[in-house]
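The values are calculated or read from the model by the stated rules, or taken from the named source; none is laboratory data. None of the values given here were measured: they were computed from a predicted structure. No Cβ is skipped: glycine too gets one built from the backbone with ideal geometry, and neighbour counts run over all protein chains shown.
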Amino acid sequence: SDIFAAAEAGAPVSNMTSAYGGIRWASGMSRAFQYERTQSRIGGSLWDETLRYIENSPIFTADKIRTPVLMMHNDEDGAVPWYQGIELFVAMRRLGKPVWMLNYNGEAHGLRQDHNQKDWAIRMQQFFDHYLMDQPMPVWMDQGVPAILKGETLGLELTTKKVVSEEEGGAGR
């Protein structure tokens, strides 16, 4: 969809079919209950409601995503497996979609450390400023910050790149 100019996803479940058979790492509890009876509200098992699981899994329609997406999914998330965010990120990158994924090492489902909360707020502001306010793209979005430089540079400096519309010859927002 192109209803939104930009979107943020925090710890997304991108593939309900693969997440269904997993566990919540923090508690060891089966994830199936969440999909069948609580938060995800599918209303049945993977075998009873296969199509509903697929329709509610963005991984299966990643080729149709047109909105730039900023994701945060942390490697110690005990509620939503980290690989769920990775699956969507890799799919969107493979498809040439505008997507960024941030991982705050050692953080769980939400950010607890003050410096990570501040960093996330700055990056989210920069992301939305770029897509909604036509502000320059920060280095972390334009060039990335290689894992080897993580902790040495933040990449928060702004580049001179602006959003290019389809009318101006760009691929979209």
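Test of understanding: among Ala121, Ala171, which residue is modelled with pLDDT of 85 or more and either loosely packed, with under 14 Cβ neighbours inside 10 Å or closer than 30 Å to Ser27 by Cα (or both)?
Answer to the selection: Ala121.
Grab the helices (runs of 4 or more DSSP H) fully contained in the range 39-135, keeping just those with 1 or more residues being touching a residue at least 60 places away in the same chain (Cβ under 8 Å) and in contact with a helix residue (DSSP H, G or I) (Cβ under 6 Å, 6 or more places away or on another chain).
Correct list: 82-94.
Quick one: in the range 1-36, which of the residues that are outside any loop (DSSP other than H, G, I, E, B) and among the acidic types (Asp, Glu) is surrounded by the fewest Cβ atoms within 10 Å (Cβ to Cβ)?
Step by step, filter the range 1-36, then rank; the result is Glu8.
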